[in-house]
């Protein structure tokens, strides 16, 4: 089992286990992006594989979040709140906020 080191956003080292099955890929990048990645990964003492794997994880997460938002919106468009539900929300909001002191600006 391989181990690799990765810095998280708090700049602390995390030791992660490389999955038992990995696949090698070849990618093409513009030279400027490659140089920027190389410079930064060296500063953070990360391998290319760790940097690319993290970028892919973040991209996949963003794709899933975008799909979740799309489905959420689609659901509300398909089944919007009724007038009764909206009235109930307004009433509850008024009751909850009635005790809040507001500052005039």
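In segment 53-78, the residues that are on the phi < 0 side of the Ramachandran plot and in contact (Cβ under 8 Å) with a residue 24 or more places away in the chain never reach a residue that is surrounded by 10 or more Cβ atoms within 10 Å (Cβ to Cβ) and part of a helix (DSSP H, G or I) with C-beta atoms less than 7 angstrom apart, at least six apart or across chains.
Cβ-Cβ below 7 Å, separation at least six or inter-chain, first residue in segment 8-35 and within 16 Å of residue 56 (Cα to Cα), second modelled with pLDDT under 95 and assigned to a loop (DSSP other than H, G, I, E, B): which pairs? Once the first residue is within 16 Å of residue 56 (Cα to Cα) and sits in segment 8-35, its partners that are modelled with pLDDT under 95 and assigned to a loop (DSSP other than H, G, I, E, B) give 18/1; 18/2.
The values are calculated or read from the model by the stated rules, or taken from the named source; none is laboratory data. Everything numeric here is computed off the predicted structure, so don't read it as measured data. So basically every Cβ, Gly included, is an ideal-geometry build from the backbone, and we count neighbours across all protein chains shown.
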